[in-house]
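Notes follow once the structure below has been shown.
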Amino acid sequence: MPPLPKTAHDACPGCATPGLAFAPHDHARCAGDVMALAEAHLAAGGQRLTPVRRRTLEILLETHRAMGAYDVLERLAAEGFGRQPPVAYRALEFLEEHGLAHRIRRLNAFAACMHPAEDHAPVFLICRACHSVAEAEGGGVGAALTAAAGGFAVERMTVEALGLCPACQGAAHG
Ligand SMILES: [Zn+2]
Ligand SMILES: [Zn+2]
Ligand SMILES: [Zn+2]
């Protein structure tokens with residue numbers, strides 16, 4: 001087995017810089033590397049991907065877009081995993097709980113985490129036109145919030161920035 005890339009940053013130019021997630025890149029490699037990281041991360045915690053969990057993560061990893069649970073369910077049903085909504089919800093919840101997917105509240109949807117083995121507090125950059133999602137490093141935002149919180153102990157922070165990706169900005173202007 002080839003050695004695992006240390007992080008998705010090393011592996012994928014499309015994920016190294018948030019803006020590049022919106023640009024054309026070798027996403028098959030990107031998705032494959034993230035899948036390998038996700039499996040290693042789970043194995044280290046004594047967990048594994050059942051077929052439906054694996055397929056759900058693969059579906060999320062097809063693009064840098066967020067998908068609603070219903071759309072995931074449709075795909076799973078078409079592939080013979082059953083039509084019961086809990087099938088999709090349970091798989092998505094498992095992925096979220098283990099840091100392999102993020103819930104994007106603004107879109108009521110889920111996106112694969114591109115840095116599954118890392119402890120991180122991302123800022124989500126969400127394109128309101130095409131629903132592409134990138135994760136930007138949110139450490140500076142967290143520090144600013146802690147400073148502004150005046151003694152309040154921040155335990156969780158979710159920052160979602162809504163806007164237009166470069167491609168959709170071009171479409172709006174063209
Ligand atoms: Zn990619
Ligand atoms: Zn993430
Ligand atoms: Zn877009």
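FYI, it's all coordinate maths here, none of it is from the lab. Please read these numbers as outputs of a predicted model, since none were measured by experiment. Every residue, glycine among them, receives a Cβ derived from its backbone with ideal geometry; neighbour counts consider all protein chains shown.
Based only on other Cβ atoms within 10 Å, what is the fewest-to-most ordering of Met35, Met157, Met67? Don't skip to the end; give the middle numbers.
Working: Met35 18, Met157 14, Met67 26.
Exposure proxy ranking, most exposed first: Met157, Met35, Met67.
With an 8 Å cut-off on Cα pairs and a minimum separation of 6 or more residues, tell me the relative contact order of the chain in percent. Don't skip to the answer; put the middle values down first.
Working: 251 pairs, mean separation 35.6, N = 174.
Value for the chain: 20 percent.
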Q: Would you mind ranking Val34, Val52 by Cβ crowding within 10 Å, fewest neighbours first?
A: Val52, Val34
Q. Most mobile of Ala88, Ala109, Ala143 per a Gaussian network model of the chain (Cα springs, under 10 Å)?
A. Ala143
Q | Furthest towards positive pole of dipole, Gly32, Ala143, Ala111, structure part the range 8-173, Cβ charges | A | Ala111
Q. Which residue, Pro116, Pro24, Pro51, has the most motion in a Gaussian network model of the chain that connects Cα atoms within less than 10 Å?
A. Pro24
Q) Rg and Dmax of the chain, Cα atoms, in Å? A) 16.6, 52
